[in-house]
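Each reported figure results from applying straightforward, stated rules to the coordinates on display, with no laboratory input. As the structure is a prediction and not an experimental result, all values here were calculated from the model. Glycine gets a Cβ as well: all are built from the backbone with ideal geometry, and neighbour counts include every protein chain shown.
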């Protein structure tokens, strides 16, 4: 099962029965994308109403199940964007983020959303020292707000911020007191500062499910570089919804990025969320452009350099297997995520295979005795310029080497 013909080739250990027996994946895993709300909370990111509608439509076309369209109280522009998204005939359910304030719920309803995420501090220290609220005040506000949401026909996910850093007894007792009001459809486990280990995330999901008997959603951040790992762990433990953003944008270090999470679920665990992964790259680049940000070239799934090599040995192996067995040298096919075919770089680390493949690509008939001297010139130029060699430079160097040997290109 580690090998899926013409799509991916991962470790067979992932699919060993002893490994898979530990998983408690929900029968259906849904994706809630919060690019338009938590993603925009990244400093220097501002989406216009038109931007938000455009992104929402692309998320919907990709198959995202829920779109958190924003927070209507932030500005009239945000409220208008939410209204337009809700009236666009999308298949995805549209959610709005709210405070635990009844007027926020009423405004969200007026915008036409299907559901709300109601936020209140979820840890004792954030509640006491950050908000200066008592637990009793928080529980009362949460019960009133979630009841108002249900009365208006909205779906309700309760969103206890910083719940991951709460003592577990406090978190469970507080959520149980709110849940007893009967107006929660689901509880989000919120790792506001990215402090969960994968094991801690899985443990907490299980405890929430045992105590509350409600669906659990995973909203995690990237402060320790583990948001994908912790989200996967939460899903393995039975969480049924993952909160994500395009390119992982969001406050501080960002949120769980949708791209590696979806591909990892599909390839490493055999869990198909229904997301069209072939549309990922286009959406990633669109959002990056709207954010005025650059995608790191080696970023998993969407980086422009992740399919390709410069070093001679892997290029030589690629040359041998590319036509009949490309997955020998790849974890998954580039077509799966809308990427380009692997690109062969030439530079300091090139070998003969690089020279032959690039010459073939450019239609250059390169005599065998020119391969080594051409590679030497390429290495020298790469060292001098501290970069790889462009195709134009390759062609010029090839012509120079061939002519120096009294031959025609």
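Rounded to the nearest 10 degrees, the inclination of helix 76-86 to the longest alpha-carbon principal axis of the chain is 80 degrees. Classify the range 3-291: rounded, prolate or oblate, from the alpha-carbon gyration tensor (a ≥ b ≥ c, eigenvalue square roots; a/c under 1.5 rounded; otherwise prolate if a/b is larger than b/c)? Verdict is oblate for the range 3-291.
Between 260, 331, 297, which gets the highest mean-square fluctuation from a Gaussian network model of the chain, Cα cutoff 10 Å? Fluctuation is largest for 297. Put in line by how crowded their Cβ is, counting other Cβ atoms within 10 Å and starting with the fewest, 118, 86, 111 read 86, 111, 118. Among beta bridges identified by DSSP and lying wholly in the chain, the antiparallel ones come to about 10 percent.
Above 21 Å, the calculated P(r) of the range 74-173 contains 39 percent of its Cα-Cα pairs. Seen through its C-alpha gyration tensor, with square-root eigenvalues sorted a ≥ b ≥ c, the range 308-404 comes out prolate because a/c lies at 1.5 or above while a/b is bigger than b/c.
At q = 0.12 Å⁻¹, work out log10 I(q)/I(0) for the range 7-105 with the Debye formula, treating every Cα as an identical point scatterer and leaving solvent out; two decimals please. Taking Cα atoms of the range 7-105 as identical point scatterers yields -0.52. Compared with the dominant Cα axis of the chain, that is its longest principal axis, helix 312-321 is turned about 90°.
Report relative contact order for the range 308-404 in percent, whole number only (criteria: Cα-Cα under 8 Å, sequence separation at least 6). List each step's numbers first, then the result.
Details: 106 pairs, mean separation 27.3, N = 97.
Answer for the range 308-404 is 28 percent.
For the range 352-383 versus the range 1-27, the spacing of their alpha-carbon centroids is 41 Å.
Which shape class applies to the range 224-316: rounded if a/c is under 1.5, otherwise prolate when a/b exceeds b/c and oblate if not, where a ≥ b ≥ c are the square roots of the Cα gyration tensor eigenvalues? Note, shape of the range 224-316 comes out oblate. Sorted ascending by nearby beta carbons within 10 Å, beginning with the fewest, 306, 55, 82 become 306, 55, 82.
GNM, the chain, Cα, under 10 Å: largest mean-square fluctuation among 62, 329, 381? With Cα springs under 10 Å in the chain, the top fluctuation among 62, 329, 381 is at 381. Considering only 69, 233, 21, the Gaussian network model of the chain with Cα springs below 10 Å gives its largest mean-square fluctuation to 21. Within 10 Å of each residue's Cβ, count the other Cβ atoms and sort 330, 189, 32 from fewest upward. Ordered from fewest to most neighbouring Cβ atoms within 10 Å, 330, 189, 32 come out as 330, 32, 189. Between the helical axis of 49-62 and the longest alpha-carbon principal axis of the chain there is an angle of about 70 degrees.
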